[in-house]
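What follows draws every value from the coordinates through simple rules; no lab data is involved. Quick caveat, the model's predicted, so the values are computed rather than measured. Reconstructed Cβ throughout: ideal geometry from the backbone, glycine too, with neighbour counts over all protein chains shown.
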Amino acid sequence: MRPFTYQAPADAASAVRAVTRDPTAVFLGGGTNLVDHLKLGILDPGLVVDVTGLASVEITDLGGGALRVGAGVPNSDLAADPLVRERFPVLSQALLAGASGQLRNMATTGGNPLQRTRCVYFQDVTTPCNKREPGSGCSAIGGWTRNHAILGASAHCIATHPSDLAVALAALDAEVRVLGQDGERVIPFTDLHRLPGDHPEHDTVLGHGDLITAIDLPARPIARRSAYRKVRDRASYAFALVSVAAAVEVDGGVVRDARIAFGGVAHKPWRAYRAEEALRGATAADDSYRAAADAELADAVAQDGLDGGNAFKIPLLRRTLVATLRDLAREDA
Amino acid sequence: MDSEIGLRVDGTPRRLTVDTRTTLLDALRERLGVTSPKKGCDHGQCGACTVLVDGRRVLSCLTLAVARDGAEVVTAEGLAPDGELHPVQRAFIDRDAFQCGYCTPGQVVSAVGMLDELDRGWPSAATGTGEPELDDAEIAERMSGNLCRCAAYANIVPAVREAGR
Amino acid sequence: MTAIGTDLARRDGTVKVTGTATYAYEAPVERPAYAHPVQATIARGRIRDIEIEDAETLDGVLTVLTPDNAERLADTDDKELAVLQSDEVAFRGQLVGVVVAETSEVAREAAGLVRVTYDEAEHDAELATERGSYVPEQLNAGYPTESAQGDVDAAMASAETTIERTYTTAMYHNNPLEPHTTTALWDGDSLTLWDSTQGVHPLRSTIAPIFGLDEERVRVICPYVGGGFGSKGTAHANVTLATLAARAVPGRPVRLALTRQQMFSLAGYRTPTIQRMRLAADADGRLSAIAIDVVEQTSRIKEYAEQTGTPTRIMYAAENRSVTHRLVPLDVPVPSWMRAPGDCPGMFGPEVAMDELAERLGVDPIELRIRNEPSVDPDTGKPFSSRNLVACLLAGADRFDWADRDLRPGVRRSGDWLVGTGVAASTYPVHRMPASTAVIRREAGRYVVEIGAADLGTGTWTTLPQIAADALDVPVSDVEVRIGDTRYPMASVAGGSSGMTTWGSAVVEAARAFRDKFGQDPADGDEADGSVGPADEDHAMHAFGAQFVEAHVHADTGELRVPRLLGVFAAGRIINPRTARSQFIGGMTMGLSMALHEHSVLDPRTGHVVNHDLAEYHVSVNADVTDVEATWIDEHDPYVNAMGSKGIGEIGIVGTAAAVSNAVWHATGVRVRDLPITLDKVLAALP
């Protein structure tokens, strides 16, 4: 880590300007991912622009069931917000399934979804990694793949996105308000992250200097019956092997509608449109849930690797989805 | 690149010069000689460096000191001003909630922060739909960001429960 | 005798809960400099070139040491400790340089600027079979490599029932929360080391000759150790490196703490083991043969031979017995001690195999163990000084409602969880180190005990006063103990659960000498010393225990939880029930962690542990632990030592993983023979 200049601009426009004009600049939010990566040598910025003082920490009721969450709202506060718990339980549960109490006090709404994908080889600068050094090769392929992707991976990168919050936001049709050098724009949350393809160095569609200012949660009555189910290797304080964010509406034993996203299985939070489609109009029963899982996982590809690779994640995700939907439908009865 | 900042540490105002790269943990330990917060992993994975910043429990190893100019920092040492132990600290001794002691200052500060969060009604993954209560499952979940390799967990939980009453 | 057996709070409680106890990095020194290591990025080969100019010229850098410019050490026999003495690389992560700078940030940056190029050679870092193995001359702690009685093959061929299975334990890292840390200061030809160590005197004896010093010129100070679990029982390369670094900046103290990641290649670890178990039994489960063949790894530069087969030698009666060990030398970091070396991994295979035998015969696993209880040590024929395994099993059975247990697997359910229970035996030998001395002195109306012992959380600060108080027949409040400094009389390492036996015996001898010399009314300044005597040679001496586990396996996801863990131990007299209980439950919980979580993943392509941090190398967190209870039976053993105590620091971890595996089988019907027991291993069998 080389020395860097530190700035704390007074407003978002100045922050965007400062980062935009310096290709080595980065934003500093809660710092939980950035400082980690500085120490690991993954990042070597010349300028760190602190946006914690200028980011909104407000959660605003937009009426009709919608909410706007300022980018600076800490994960703890968002998870505890009464409106969030009432309207979007899946969001509160996802936040509380992530990290630890201390980290949730630090991490922000804008920063958490922008944490980099997680992979032990990406984090180790002594091993080749296409994400760190495009073209150097992917060390994870054929290595330790327990935490790696089964959906949407490429020959260049099989890392997964670690944010729990992002999985819930993907399921909830959230929208991201972004301030760039050309002004503000809105991006559907499901379009924020990208699959690795030929360019795993890019985790999101944001350009250099783009700053998330808020995340909007549109009204989704279905989300009042929603849940986040995270399966991991210890009972707490661990990244997901697989996770499911789900909301269902069941009426008369039939699934009327569903919102589903997966975590821990792809380079991005994975919105399960095919599973949702398969569920609409189906009987609220395990067979339907399994069929929905199968529809979504038809293209799943397991990674070979040490300790048997990650083939287990395909049946695990299937079983987790079925269990989550079963529990939700049971509540709905 | 050096910067001068001010911190209020355990009740005492301190001025110090830090490298912009200096974490709050290293600023406390290496610049100010406040060694109560410990470095166990330096990457936010163990909780030994937990301090209260402006009243909230955070990880000082992932906090840049330069970004906390003017902050109020409380360490486990500061929880016992003039040698009078905090109820959490007394309960840790009574329950033998530690062995080697290295994770302990972080555990203690984390417990103090956690009890405050519980008082405010913040939920955790162990909370259902209602208000959280001070039970063992809540404590264990909320204290899971503090690793204890000596594995005093089964003593930490009752210590926190008793101190939180 | 009143102090021993009393429930006393830790004397170091206040300094630990406030964080004012000083660990090695916090040694009070003036103007410390900071060191950061440079590590090899190949698993085998030679350094071709090291460029240090960028690092050396960085503002704030004091010196950069590499094999090109580091001083030659006086003694390089120990290749692990002979750092920067050669251009040869024997494992990935080996030390190839160090930067010393004014601040830790600059030291770290400069270390990243050191450019090393290598001539890489082919490496082998994977323990898969016994290919390339050899038979070591002896095992750790001096145990014989092989032992045999009777004819196991013949017994296997003629027995009514046999079990022949292979079990594996993973590679584990001790991961004490306090990193391996040294503050080193040279003053002319004198060296002071504030080091995080399990033994100040053993460390001094190791380091002094490496730097060509008489031991008197080296002082080692360590009042508090942030955990070690064996990894701080012997010096590792970081200590040599810190000492070298400090020598290069005379008069400046140098602080060096390994990063968590660096600890995975430089601070020792437990070797993975492959255990081929054979049991032969009659229809009642009486063993006619028990055998274990162990394959494990060592590094090419320094041999370490884990004594994995040793508990099989003493656990159960059987006429035909065999224990073998094979070591596979690999291009890997040097393995070393980790809590209960030998016994901890070595009770996994045998205790799961016993459960498999019980299953096969339809016999209760406790009853099976009772039927195979030996009357004397089956290995040596010596009587046991005390052996209360059966009492532990029965006491635990009682507390765990074992009598109502249904033997069938996979038939209990609580909500979404499959439920099972399991048991395994536990054992650990009573070790006594040959040398340790304590001095007792009358000071200002109190009795001061000085001995260079260590407290790594084990309670020494609190329990040695209890032993001294009884030996002097005074209230414990009249006794002050000073430990953790080579200025005090020589003490052995805090290892092998030998501390209380060894140091306690020295304290008792010192008290005896003190009273003999000065009577009941000593004057200020009166002092006497005493040393540990030889161990009893006529008895086999071991602690025993029984581990009971309730396991829950989620019927949908296979997630594993252990809501209940009970250990019952027979470990002689308990000096302090409060600290003893912490030792037991700490060991048991570490055993739970080993069972469900821990696993160092060594990538054979690179030769390094890829999950080298605490986010990916999982140790149990608070939420993994629910009800952990340890209890003990009242055991009187006149042979072990004057206190009648057996070591308790390690037995808690022994057998836990087997008990968890047995409980998971009972819950699901799946035998997990390869640790750790993770959800992917039970998923296919779920409903």
(message) Please rank C:K302, C:K382, C:K646, fewest neighbouring Cβ atoms within 10 Å first, as an exposure proxy.
(response) C:K382, C:K302, C:K646
(request) Work out how much length C:R46 to C:D478 would gain on full extension: take 0.36 nm times their residue separation and subtract the Cα-Cα distance, in nm to one decimal. (result) 149.6 nm
(message) To the nearest 20 Debye, how big is the dipole of the range C:414-506 about its Cα centre, given +1 on the beta carbon of each Lys and Arg and -1 on that of each Asp and Glu?
(response) 280 debye
(message) Please list, in order along the range C:275-283, the HN-Hα scalar couplings obtained from phi with the Karplus expression 6.51 cos²θ - 1.76 cosθ + 1.60 (θ = phi - 60°), rounded to whole Hz, x for Gly and Pro.
(response) 10, 8, 9, 10, 10, 10, 9, 8, 5
(message) Order these by the 10 Å Cβ neighbour count, fewest first: C:W186, A:W270.
(response) C:W186, A:W270
(message) Projecting each Cα onto the charge dipole of chain C (Lys/Arg +1, Asp/Glu -1 at the beta carbon, about the Cα centre), which of C:M594, C:H636, C:H201 comes out farthest on the positive side?
(response) C:H636
(request) Could you work out, residue by residue across C:18-28, how many beta carbons of other chains sit within 10 Å of that residue's beta carbon, and then give the average as an integer? (result) 6
(request) Would you mind getting me the FRET efficiency between C:A121 and C:D404? Use the beta-carbon distance for r and R0 = 60 Å, nearest 0.05. (result) 0.50
(request) Can you work out the PRE-style zone for C:E443? Point 7 Å along Cα to Cβ, and I want the residues of the range C:507-528 with backbone N under 11 Å. (result) C:525
(request) Mind checking which of C:G545, C:V507, C:A535 is farthest towards the positive end of chain C's charge dipole, using Cβ charges of +1 (Lys, Arg) and -1 (Asp, Glu) about the Cα centre? (result) C:G545
(request) Note the full-extension length gain between C:D634 and C:T76 as 0.36 nm times their separation in residues minus their Cα-Cα distance, in nm to one decimal. (result) 196.0 nm
(request) May I ask you to list the residues of the range A:140-181 whose amide nitrogen lies under 18 Å from a point 7 Å from Cα along the Cα→beta-carbon direction of A:Y273? (result) A:151-153, A:167-176
(request) Would you mind putting C:433-439, B:5-11, C:650-656 in packing order, based on average other-beta-carbon counts within 10 Å, highest first? (result) C:650-656, C:433-439, B:5-11
(message) I'd like the distance separating the alpha-carbon centroids of the range B:7-69 and the range C:467-494, in whole Å.
(response) 37 Å
(request) Please list the helices of chain B that count as membrane-span-like by this rule: a mean Kyte-Doolittle hydropathy of at least -0.5 together with Cα atoms stretching 18 Å or more along the helix axis, each helix being a complete DSSP H run. (result) B:104-119
(request) Helix by helix through chain C, keep the DSSP H runs that span 24 Å or more along the axis on Cα and average at least 0.0 on Kyte-Doolittle, and give those back in order. (result) C:577-596
(request) Enter the Cα centre distance for the pair the range C:267-326 and the range C:510-565, rounded to the nearest angstrom. (result) 26 Å
(message) Just to verify a number: FRET efficiency for A:R21 and A:E201, C-beta to C-beta distance, R0 = 22 Å, to 0.05?
(response) 0.55
(message) For peptide B:18-27, what's the mean number of Cβ atoms from other chains within 10 Å of each residue's Cβ?
(response) 5
(request) Report the label-to-label distance for A:R330 and B:D54 in nanometres (one decimal), using points 7 Å from each Cα along the Cα→Cβ vector. (result) 4.3 nm
(request) Find the eigenvalues of the gyration tensor of the Cα atoms of the protein assembly as shown, then list the square roots of 5 times those eigenvalues as equivalent ellipsoid semi-axes, largest first, in whole angstrom. (result) 46, 37, 29
(request) Express in nm, to one decimal, how much length is gained between C:E56 and C:D521 on full extension, taking 0.36 nm for each residue of separation and deducting their alpha carbon distance. (result) 161.0 nm
(message) As a footprinting exposure proxy, order B:T35, C:T166 by other Cβ within 10 Å, with the fewest listed first.
(response) C:T166, B:T35
(request) Measure off 7 Å from each Cα along the Cα-to-Cβ vector at C:E216 and A:R185, then give the distance between these two points in nanometres to one decimal. (result) 7.9 nm
(request) Apply 1/(1 + (r/R0)^6) to the Cβ-Cβ distance of C:A684 and C:I370, taking R0 = 30 Å, and write down the FRET efficiency to the nearest 0.05. (result) 0.30
(request) May I ask you to list the trypsin sites (Lys or Arg not before Pro) in the range A:116-150 that are in a DSSP loop and have at most 16 other Cβ atoms within 10 Å of their Cβ? (result) none
(request) Using Cα centres only, tell me the gap between the range C:339-368 and the range A:255-333 in whole Å. (result) 39 Å
(request) Report, in debye and to the nearest 20, how large the dipole of the range A:224-327 comes out about its Cα centre when Lys and Arg carry +1 and Asp and Glu carry -1 on their Cβ. (result) 400 debye
(request) Express the relative contact order of chain C as a whole percentage, based on alpha carbon pairs under 8 Å and six or more residues apart in sequence. (result) 17 percent
(message) I'd like to know which of A:L165, C:Q466, A:G30 lies farthest towards the positive end of the charge dipole of the protein assembly as shown, counting +1 on Cβ of Lys and Arg and -1 on Cβ of Asp and Glu.
(response) A:L165
(message) Suppose every Lys and Arg Cβ carries +1 and every Asp and Glu Cβ carries -1, with no other charges. What dipole size does the range A:126-243 come out with about its Cα centre, to the nearest 20 debye?
(response) 720 debye
(request) Give me the distance in nm between label points sitting 7 Å out from Cα along the Cα-to-Cβ direction at A:R290 and C:V29, one decimal. (result) 6.6 nm
(request) Could you work out the mean count of beta carbons from other protein chains within 10 Å of each residue's beta carbon in B:51-63? (result) 5
